[in-house]
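The values are calculated or read from the model by the stated rules, or taken from the named source; none is laboratory data. Every value quoted in this text rests on a predicted model; they were computed, and no experiment measured them. Here Cβ is always computed from backbone atoms with ideal geometry, including for glycine, and neighbour counts include all displayed protein chains.
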Amino acid sequence: MSSSGSAVGEELNDVGETFGSSMVTVLLADAHPVARRRVRSTLERAGGFVIVGEATTAAETFAETAWHRPDVLVVDPHQFGHLDVADMIGHVSRIAPGTRVLVVTSVDDDASVRSALHAGARGYLVAADADADQVLRGVQVVANGEVIVGRSVAGRLPALFGPLGGHVPYPFPQLTAREQQVLERIAAGKSNLAIARDLALAPKTISNRVSAVLGKLGVTDRAQAIVLARDAGLGRG
């Protein structure tokens, strides 16, 4: 899932074109200043990114994420004491549903990778495999709403997620299965009445579920939910 050195080099020159005139906002969360400086330097050199903050603890990560609501959170969740990786990523998804999480870490065991991706992380890069160009590529991919894993992880995906590599982690893990069904239909532009017919439920039930979805996504109306869902790849089928 990664490009060769020359291909990546060409991509670095085209970052501005990839994102157009908009800047991708990034929050860096890692207990080690050297690691943060490395990513910051890479992104600032490439252009097209704004580093909105840095965090050194889980509490700082949550506070900065809630305040800035960055497009991408680059984080090593294993640096923050005994906090469970899935709990941390899940909390980020709840407080800033539009923020996509890219894990960059030295931890490479199956349980950690599976836990992070199931919790909603959109990327998992292992530091030993990830040079500056690969980290940049990871941020680009995640910012575009896609999923990326490092070389060492990619070879293990079948074992981690089933015979065909499993499913892509659902972008909004805070939603229940029924709420996911509702959101997918909202993203497709369906009315509450049409959704009720699809799911064989009462319109009042759908209305309640729509309200729950909006609340969990942290948006105030249906239009914002549609934008958020379509950015995550829903409603396009």
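Structure summary
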item	result
Matching entry among I206, I226 (being farther than 19 Å from P97 by Cβ, surrounded by 17 or more Cβ atoms within 10 Å (Cβ to Cβ) and of a type in the set (A, V, I, L, M))	I206
Residues that are over 19 Å from the mean Cα position of the chain (by Cα) and in a helix (DSSP H, G or I), drawn from segment 112-132	A132
All helices (runs of 4 or more DSSP H) inside segment 137-237 with 1 or more residues being closer than 30 Å to S112 by Cβ, small (G, A, S) and at pLDDT below 90	151-154, 157-161, 177-187, 222-231
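One line per residue, one yes/no per condition, for (1) closer than 19 Å to H68 by Cβ; (2) of a type in the set (S, T, Y); (3) touching a residue at least 12 places away in the same chain (Cβ under 8 Å):
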position	(1), (2), (3)
G98	yes, no, yes
L102	yes, no, yes
D109	no, no, no
S115	no, yes, yes
G120	yes, no, yes
Y124	no, yes, yes
D129	no, no, yes
V139	yes, no, yes
